[in-house]
Amino acid sequence: MLAIRKCVSRFENRIDASMERFVFHHRVLGFVVIFIGMPLFALAAVCLCTMCVALPFAAAFGWM
């Protein structure tokens, strides 16, 4: 468990550092990515996960 936590922590630190470098080099594009791209990505991920859960139930109960 500790190894997994350490691996995830290292991955998070690498992503943070790379995003920070990107934003410092490309200010406008970084702003767009952070405040428009990431929320859209999060909404898309929630939508896809919900569909993956709901579609089998819909098929099983004949709602499709």
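The values are calculated or read from the model by the stated rules, or taken from the named source; none is laboratory data. Nothing here was measured: the structure is a model prediction, and the numbers come from that model. Surface accessibility is based on the protein's heavy atoms, side chains included, excluding ligands, DNA and RNA. Shrake-Rupley method; radii C 1.70, N 1.55, O 1.52, S 1.80 Å.
Would you mind telling me the share, in percent, of accessible area of the chain contributed by carbon and sulfur at probe 1.4 angstrom?
Using a 1.4 Å probe with all protein chains present, the chain comes out at 77 percent carbon and sulfur.
Remark: the Arg27-Ala44 segment gains 3.7 nm on full extension, using 0.36 nm per residue and subtracting the alpha carbon distance.
If you take the square roots of the eigenvalues of the alpha-carbon gyration tensor of the chain and sort them as a ≥ b ≥ c, do you get rounded (a/c under 1.5), prolate (a/b over b/c) or oblate? Since a/c reaches 1.5 but b/c is at least a/b, the shape of the chain is classed as oblate. Against the chain, whose longest principal axis comes from its Cα atoms, helix 38-60 is set at around 20 degrees. Per residue, the chain exposes 92 Å² of solvent-accessible protein surface, assessed with a 1.4 angstrom probe and all protein chains in place. When the chain is treated as a Gaussian network with alpha carbon springs shorter than 10 Å, the biggest mean-square fluctuation among Val33, Val46, Val23 belongs to Val46. Between the helical axis of 2-25 and the longest alpha-carbon principal axis of the chain there is an angle of about 60 degrees.
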